[in-house]
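The values are calculated or read from the model by the stated rules, or taken from the named source; none is laboratory data. Just so it is clear, the model here is predicted, and its values are computed rather than measured. Reconstructed Cβ throughout: ideal geometry from the backbone, glycine too, with neighbour counts over all protein chains shown. The protein model used for the area step is the full one, side chains on, heavy atoms only, and it has no ligands, DNA or RNA in it. Shrake-Rupley method; radii C 1.70, N 1.55, O 1.52, S 1.80 Å.
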Amino acid sequence: MDSETAALVIKLQLLDLSEIKDNGKGKNSVPSDSDIAFDLYRQELKKYEQVSHDRLLALSGEAAVGRDQELLDMFAALELREKRDHLLAVSLHRGGGSVSRSRGNTACSPSTSKLPATGCSSSARAGIARTTTGTTAATTSNSTTSPSAKGPRVVDCVICGDSLSPPEAIKVPCGHHYCSECLVDLFVGASKDEQLMPPSCDRTPIPLDLVRAHLSTLQLDQFQAKQSEYSVKNRLYCHNPSCSSFLGEARPHSKSAAACGKCKSQTCYACKGPWHGPFSACAGDSDDEAFQALATEHGVQRCPGCRRIVELALGCFHMTCLCKTEFCFLCAKSWKTCECPQWEERRLMAEAERRVQARAEDNPNQEPVPHRIHLQRVQALADTLRTNHACTHVRWNYRGGGGTCDSCGHYLAQFLLRCTGCELLACVRCRRNRL
């Protein structure tokens with residue numbers, strides 16, 4: 001008999017006893033043997049009723065825990081992540097150089113957070129317990145190796161911060177360790193974002209063989225196709241906007257067409273427009289003139305090497321395209337072959353103002369500085385950007401709180417990293433894999 005049925009039977013028997021007792025009131029002043037037996041039986045039923053109630057309450061609590069386990073585990077994982085944030089901030093304040101964090105605060109990744117969908121692991125719960133007792137220490141070496149006196153030696157993924165046994169970790173040429181998921185994310189991301197190609201860590205390329213076994217057949221094919229495409233400097237794409245398939249390398253002096261295997265359109269190798277026949281002139285010159293008329297006004301220019309559209313960001317007219325071509329933003333000539341000025345002061349000062357304001361917003365409780373001091377800080381940063389516009393981003397500081405990564409544009413809810421050289425804010429993945 002289940003607990004709910006047993007509780008119902010006990011309740012009905014108690015009601016029957018109460019009815020029998022009420023019917024017999026006033027007949028005898030001295031309790032009879034039957035009255036005493038009924039009272040004893042009623043006491044026994046009351047005990048069973050309490051036991052049944054306790055059992056139902058326990059089962060209800062167990063069911064509630066089962067239903068809410070996912071939410072409880074999520075809060076546990078978030079608490080562990082916040083403890084890691086604190087330990088990392090203390091370590092960086094003391095001069096630590098490497099940064100490894102939870103995947104929940106990484107960006108530029110097609111995957112979702114590593115926050116468990118069905119509950120955090122027992123090791124994560126144990127980590128929370130150890131942290132709250134104050135016995136956990138932060139590690140900030142390059143590979144974030146964590147030897148333990150009571151357990152096996154482990155390493156931490158440089159991107160998400162997960163602890164891994166050495167056989168699970170993938171060591172890349174720069175010396176850092178990755179979990180397979182973060183490394184797969186990097187290669188999948190490189191298939192969609194040319195700035196991540198070739199996949200690198202601290203500007204050191206990562207060989208495909210290190211991750212090949214962890215990629216699906218589709219992911220591997222897509223990566224290799226994009227790797228081949230991105231290796232071509234002057235690319236030709238199908239002129240059909242709804243297709244835009246990669247057709248190979250453009251041929252500026254060719255009088256032939258490339259046939260698209262996907263939509264069957266024909267594209268001119270020279271002007272990259274619809275095929276106009278071998279005896280008709282390319283329409284590229286008029287298009288270039290129209291583009292050039294709007295280029296400077298809207299802050300864009302066409303790379304003379306690969307004809308990719310590039311945008312002026314900081315205000316420095318020295319442009320370096322993804323294809324490595326260096327040219328002047330104003331006239332599109334090779335760098336240092338023209339008489340154009342090097343800077344647009346308006347854009348430079350606007351960017352310096354934005355970064356100084358972002359720095360001030362890091363401490364919302366701090367008293368506002370006088371306007372004169374603020375202007376001095378903006379001018380000082382503008383001078384730094386002017387002389388250090390090609391910052392190598394060597395040193396980074398931890399900056400707690402949410403914000404937008406200046407490199408990839410993603411919003412990070414927990415923390416960002418700030419370059420000490422140019423005040424750039426970046427997420428962990430951009431700091432390692434993009435900048």
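The residues of the range 153-212 present an accessible area of 39 Å² per residue when probed at 1.4 Å with all protein chains retained.
Descending by average beta-carbon neighbour count within 10 Å, the peptides 375-381, 275-281 line up as 375-381, 275-281, the highest first. Quick check on my link table: of Lys192/Lys272; Lys192/Lys336; Lys233/Lys336; Lys262/Lys324; Lys233/Lys272, which ones sit more than 24 Å apart, alpha carbon to alpha carbon? Over 24 Å Cα-Cα: Lys192/Lys336; Lys262/Lys324.
Protein heavy-atom accessible surface, 1.4 Å probe, per residue over the range 329-435: 56 Å².
Listed peptides 320-326, 334-340 appear in the order 320-326, 334-340 once ranked by packing, highest mean of other Cβ atoms within 10 Å at the front.
Taking label positions 7 Å along the Cα-Cβ direction at both Gln13 and Ser165, the computed distance is 5.5 nm, reported to one decimal. State, as an integer percentage, the relative contact order of the range 312-435 based on alpha-carbon contacts under 8 Å between residues 6 or more apart. Averaging sequence separation for qualifying contacts and normalising by length gives 17 percent for the range 312-435.
Once C-alpha pairs closer than 8 Å and six or more residues apart are averaged by separation and normalised to the residue number of the range 295-377, the relative contact order reads 20 percent. Averaged over its residues, the range 223-267 has an accessible area of 59 Å² per residue, based on protein heavy atoms and a 1.4 Å probe.
Express the carbon and sulfur contribution to the solvent-accessible surface of the range 175-258 as a percent, rounded to the nearest whole number, probe 1.4 angstrom. Carbon and sulfur together cover 50 percent of it. For Glu249, the accessible area of its heavy atoms, probed at 1.4 Å with every protein chain present, is near 110 square angstrom. Run the Debye formula on the Cα coordinates of the range 353-427, all scatterers equal and no solvent, and tell me log10 I(q)/I(0) at q = 0.13, 0.17, 0.28 1/Å. At q = 0.13, 0.17, 0.28 Å⁻¹ the computed log10 ratios are -0.40, -0.69, -1.35.
Quarter the surface of the alpha carbon convex hull of the range 163-235 and you get the mean projected area, 5.1 square nanometres. In the range 149-229, Cα pairs under 8 Å separated by at least six residues give a relative contact order of 22 percent. For the pair Arg251 and Glu367, a Förster radius of 60 Å applied to the C-beta separation gives a FRET efficiency near 0.40, rounded to the nearest 0.05. Of the peptides 52-59, 237-244, 264-271, the order by per-residue mean of other Cβ atoms within 10 Å, starting with the highest, comes out as 264-271, 237-244, 52-59.
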